[in-house]
Amino acid sequence: MTKSQRPSSRDVIELVDETSRPGPPSDPDIPVTLESFEDFYRRELPRLVVLARALTGDLAAEDVAQESMLLAYRQWSRISALGSPAGYVRGICAHKSVSLVRRHLSERRALHRLASRLTSIVDPLAGDSERFWAEVRRLPRRQAQVTALFYVLDLPVSEVATTLGCAEGTVKVHLSRARAQLATRLGTTEDPS
């Protein structure tokens, strides 16, 4: 092999990149086209921000959505091969949102214990919508996640179940309990939607 016939380092890098990427099992009869991360990002980021805002308020919704996308980017070769990459990343976002709220509440309790006269950290609620979502954030973790996924992203029960990794019946139970608690807290007899 002469020097001009040898593959360049660029050719070797491209070959290594293509062969080292894990992907879905290949079936020659079924063409597989995985979505690029850039397309996924453009389509799903706005929805993740809305989901995070419903669960965290304006606390850090955009940061939570971006962190979820960063995790997806780092593992995109694996995540893109899943049956529902969007559902998987929504699950990450929902979990990160709840963790952030819990951490924020823990910090508030610590500040309250340290300060003898701590004024309210949270501004007065503005409007019924903010009041509703503030009450959603007070619900138990799973109920808040189910409510946000169902009402904010308008996902069917089956997709909420896939996103959270639980059965559809479990989603229905959490949704029913959340509605009952919200109706009591908000003083309504109607569905809080």
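Collect the residues in the range 81-95 that are farther than 11 Å from Val64 by Cα and among the small types (Gly, Ala, Ser), keeping them in residue-number order. Within the range 81-95, Ala81, Gly83, Ser84, Ala86, Gly87, Gly91 meet the criteria.
Entry remark, the range 134-174: residues being part of a helix (DSSP H, G or I), surrounded by fewer than 19 Cβ atoms within 10 Å (Cβ to Cβ) and among the aliphatic types (A, V, I, L, M) number 3 in total. Remark: pairs (first residue in the range 53-73, under 17 Å from Phe40 (Cα atoms); second residue crowded, with 17+ Cβ neighbours inside 10 Å and of a type in the set (Val, Ile, Thr); Cβ separation under 6 Å; 6+ apart in sequence or on different chains) = Glu62/Val49; Ala65/Val49; Ser68/Val89; Ser68/Ile92; Leu71/Ile92; Ala72/Ile79; Ala72/Val89. In the set (1) under 21 Å from Val157 (Cα atoms); (2) out of contact with any Pro (no Cβ under 9 Å at 6 or more places or on another chain), Thr56 fails one condition alone, (1). Answer with yes or no whether Arg131 is closer than 22 Å to Arg47 by Cα, part of a helix (DSSP H, G or I), of a type outside the set (Ser, Thr, Tyr) and at pLDDT below 85. Yes, satisfied.
The values are calculated or read from the model by the stated rules, or taken from the named source; none is laboratory data. Here the structure is a predicted model, which is why all the values come from computation and not from measurement. Because the Cβ atoms are built from the backbone with ideal geometry, glycine has one as well, and the counts that use them run over all protein chains shown.
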